[in-house]
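For reference, the structure discussed in these notes is given below.
Taken together, the values in this text are just the output of simple stated rules run on the coordinates, not laboratory data. This is a predicted model, so every value here is computed, not measured. Ideal geometry is used to build each Cβ from the backbone, glycine not excepted, and the neighbour counts take in all protein chains shown.
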Amino acid sequence: MADPKPIIFSGIQPTGSKHLGNFIGAIRQYVEGQDRGEPAIFCVVDLHSISVPYDPGDLRERVLDTAAILLAAGLDPERCIFFRQSDVREHTEMTWLLSAVTSHGDLDRMTQFKEKVGKARELASAALFYYPVLMASDVLVYRATEVPVGEDQRQHVELMREIARRFNARFGDTLVVPELVLPEVGARIMDLQEPERKMSTTGGTEQGTVLVLDDEKTIRKKVGSAVTDSGREVRAAPDKPGVTNLIDILAVARGTGRAEIEREFDGAGYGDFKKAVADGVVDLLGPVRERYEELRPDEAALEATLAAGAEKAREIAAATMVDVRARMGFG
Ligand code: TYM
């Protein structure tokens, strides 16, 4: 018998502008997952964004920006469930219930929390500390089997797997232990200026971060000034993080692998190589930006899409909550 289709879930934050790392590491996988998943569920995680200082007047706008980017990139509400996290209240209820099987020590070990708070630990919101429990709830409340994300989310997915296992051991078999799904190439896209750091709108450099909505001129400028190294060879290697990152970006843009790119640019200088990378990124993101410009102004349509998605999501989440509540002795 053929394997049952996977239930796919992933979430994306509405904070800041989405960048090439998000696009290559995650958004591309969502689009590919739409026809594999049954269902494939994608969510703009506005509840997560309150874990850092934010402007309430701005939040709805950022959710709509992010929704329009995902739709422009190819999410099709007919083939997936696409919604706003705060519209489905089961996520928050599930967070509290799962906190019973999550230890303080688990959360204390999360490297993203440590990186984000730095020395200002005492001032960090409790929400930031709790972030991984909400994330576990997002996935477990749909009994998802696959979680497509970039490499930086590995530890959070490992924790949600552990939370599901513990819940099942303590209360009986109820939740599904989901699998981490990383893209083969591009699970960790690096900053173009500081290729030892991941590309990020919060922790990276502005010039080294290509935004999905950057225009062609900006993309060419950022890629053109990308840091390479003192050699000449277009070859992926640990001591060539800048070149390796550009090879990965071009491989994704062309839909090939590292080896093909290395072969094509064997003997070519960095100038020609960077020009090809810029062409590739322009071709990858240009159509998304154009489609975004068409979709973003129609806020009523975006809201209607998110509301319809929330209705479908709620139905699945509510059914899981009935089981979880019963197992835990409520109601
Ligand atoms: P967010 O919005 O920060 O990032 C969205 C996705 O982009 C990936 N990503 C990258 N991939 C490759 N290279 C990079 N430089 C890079 N930077 C970011 C992230 O791994 C992520 O997949 N915590 C999540 C949101 C979330 C979630 C969930 C994800 C909330 N609930 C449930 C999966 C399942 C986040 O911060 O996304």
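Annotation: amide H of residue 175 within the under-5 Å range of 168, sequence separation 5 or more or interchain, hydrogens built in the peptide plane.
Residues 80, 43 in ascending order of nearby Cβ atoms (within 10 Å, fewest first): 80, 43. For residue 76 and residue 96, the difference between the fully extended length at 0.36 nm per residue and the C-alpha to C-alpha distance is 4.0 nm. With contributions of -39500 (n - 2.57) from each DSSP H run of at least four residues, the per-residue ellipticity at 222 nm computed over the chain stands at -16000 deg cm²/dmol. Taking 0.36 nm per residue of sequence separation and removing the Cα-Cα distance, the residue 315/residue 154 pair yields an extension gain of 55.2 nm.
Number of Lys-Lys pairs in segment 203-331 with C-alpha atoms under 25 Å apart and a separation of 8 or more places or on different chains: 10. Taking other C-beta atoms within 10 Å as the exposure proxy, 228, 209 rank 228, 209 from fewest upward. Shape call for segment 55-181 from the C-alpha gyration tensor, a ≥ b ≥ c root eigenvalues: rounded (a/c under 1.5), prolate (a/b greater than b/c) or oblate? Oblate, because a/c is 1.5 or more while a/b does not exceed b/c. Taking the charge dipole of the chain about its Cα centre, with +1 at Lys and Arg Cβ atoms and -1 at Asp and Glu Cβ atoms, the residue from 147, 70, 105 reaching farthest to the positive side is 105. Distance between the C-alpha centres of segment 70-149 and segment 26-62: 11 Å, rounded to the whole angstrom.
A crude spin-label estimate for the pair residue 52 and residue 256, with each label 7 Å from Cα along the Cβ direction, gives 3.7 nm. Ordered by the count of other Cβ atoms within 10 Å of each Cβ, fewest first, 3, 108, 65 give 3, 108, 65. A simple count of charges around residue 182, restricted to other residues whose Cβ falls under 15 Å of its Cβ and scoring Lys, Arg +1 and Asp, Glu -1, yields -3. Report for the chain the percent antiparallel among DSSP-assigned beta bridges with both residues inside it, nearest 5. If we restrict to bridges inside the chain, about 15 percent are antiparallel. Residue-wise HN-Hα couplings along segment 239-254, as the Karplus relation 6.51 cos²θ - 1.76 cosθ + 1.60 with θ = phi - 60° gives them from phi, are 8, 10, x, x, 5, 4, 4, 5, 4, 4, 4, 5, 4, 5, 4, 8 Hz; Gly and Pro carry x. What you get for segment 1-103, charging only the Cβ of Lys and Arg (+1) and of Asp and Glu (-1), is a dipole of about 160 debye around the Cα centre.
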